[in-house]
Amino acid sequence: MKKIQSNSINYTLLVIVWLITIISLLKLVPSDKVRQANIIFLFKQLVTWLLGLIVVELNLIRYPKRFFKKGNASSFTFEYFIFPSICVIFNLYYPTTKSLSIKFIYHVLYSASMTVIELVFEKFTLLIEYKHWNWYYTFISLTCTFYLSRVYYQWFYNEKRNPFSM
């Protein structure tokens, strides 16, 4: 199957992803956790902004079709909205009382599912193009940033934690 070349279809996909993400946030973020969601969202934005810019500037990934082309070469949709939003859900529903193996599986499932979605977009659309990048870099970076956001969240809210527990 070939990549979708149509600008209108690529941009329609971006709008659909935005709508799905907004609806997911509205449905999955409880009203009493909005403040926590904001902290997680902003922290993840900071991390993905830095990493996204580095990856784009090193010509590892390219985003041929994106919003705000003149402002930034990275993807506003993915780096500044989708990944931070998914991270909010990841942290708010984190299995804090479960075993270390369940927490590990939780991390892997979130990172793997986002990696698969990115691979589908890379293979079939012009929204992302791997230049000198592989899926496992995405998987590793997502796993690390999810973990980092979890550690930050625990620190920010002074949650007692075992340093070896995720």
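Every number in this text was worked out from the coordinates using simple rules, so none of it is lab data. All of these numbers come straight from a predicted model, not from anything done at the bench. Quick reminder, even Gly has a Cβ in these numbers, built from the backbone with ideal geometry, and neighbours come from all protein chains shown.
Summarised in one figure, the compactness ratio Rg/Rh of the chain, Cα atoms and Kirkwood Rh, is 0.98. Computed from Cα atoms, the angle from the helix 7-28 axis to the main principal axis of the chain rounds to 10 degrees. Here r is the Cβ-Cβ distance between SER24 and ALA112 and R0 is 22 Å; the resulting FRET efficiency, rounded to 0.05, is 0.75. Tilt of helix 135-156 relative to the longest C-alpha principal axis of the chain, in degrees (0 to 90, nearest 10)? Tilt relative to the chain: about 40 degrees. Phi angles across the range 40-49 convert, under the Karplus curve 6.51 cos²θ - 1.76 cosθ + 1.60 with θ = phi - 60°, into 3J(HN,Hα) values of 4, 4, 5, 5, 5, 4, 4, 5, 6, 4 Hz, Gly and Pro given as x. Over every Cα atom in the range 107-147, the radius of gyration and the widest Cα-Cα span, Dmax, amount to 10.1, 29 Å.
Using the Karplus relation 6.51 cos²θ - 1.76 cosθ + 1.60 with θ = phi - 60°, the per-residue 3J(HN,Hα) values for the range 110-124 come to 5, 5, 5, 5, 5, 5, 4, 4, 4, 4, 4, 5, 5, 6, 10 Hz, with x marking Gly and Pro.
With 24 Å as the limit on Cα-Cα distance, the pairs of LYS33/LYS65; LYS3/LYS65; LYS2/LYS131; LYS70/LYS131; LYS65/LYS123 that go past it are LYS33/LYS65. First select every other residue whose beta carbon is under 14 angstrom from the beta carbon of PHE78; then total the charges, Lys and Arg +1, Asp and Glu -1. With Lys, Arg at +1 and Asp, Glu at -1, the neighbours total 0.
Normalised by 2.2 N^0.38 Å, where N is the number of residues, the C-alpha radius of gyration of the range 59-154 stands at 1.16.
So what is the calculated 222 nm ellipticity per residue for the chain, using -39500 (n - 2.57) for each DSSP H run with n of 4 or more, over all residues, to the nearest 500 deg cm²/dmol? Walk me through the numbers before you get to the answer.
Details: 5 runs with 103 residues, N = 166.
The helix contribution divided over the chain gives -21500 deg cm²/dmol.
Can you tell me the order of 53-62, 95-104 when each peptide is scored by its average per-residue count of other Cβ atoms within 10 angstrom, highest first? Let's see the in-between values first.
Details: 53-62: 15.0, 95-104: 11.4.
Result, highest mean first: 53-62, 95-104.
Computed from phi, the 3J(HN,Hα) profile of the range 66-78 under the Karplus parametrisation 6.51, -1.76, 1.60 (θ = phi - 60°) reads 7, 7, 6, 4, 7, x, 6, 7, 7, 8, 4, 4, 7 Hz, with x in place of Gly and Pro. Around the amide H of LEU126, modelled in the peptide plane, lie the amide H atoms of ILE4, all under 5 Å away and 5 or more residues distant in sequence or on another chain.
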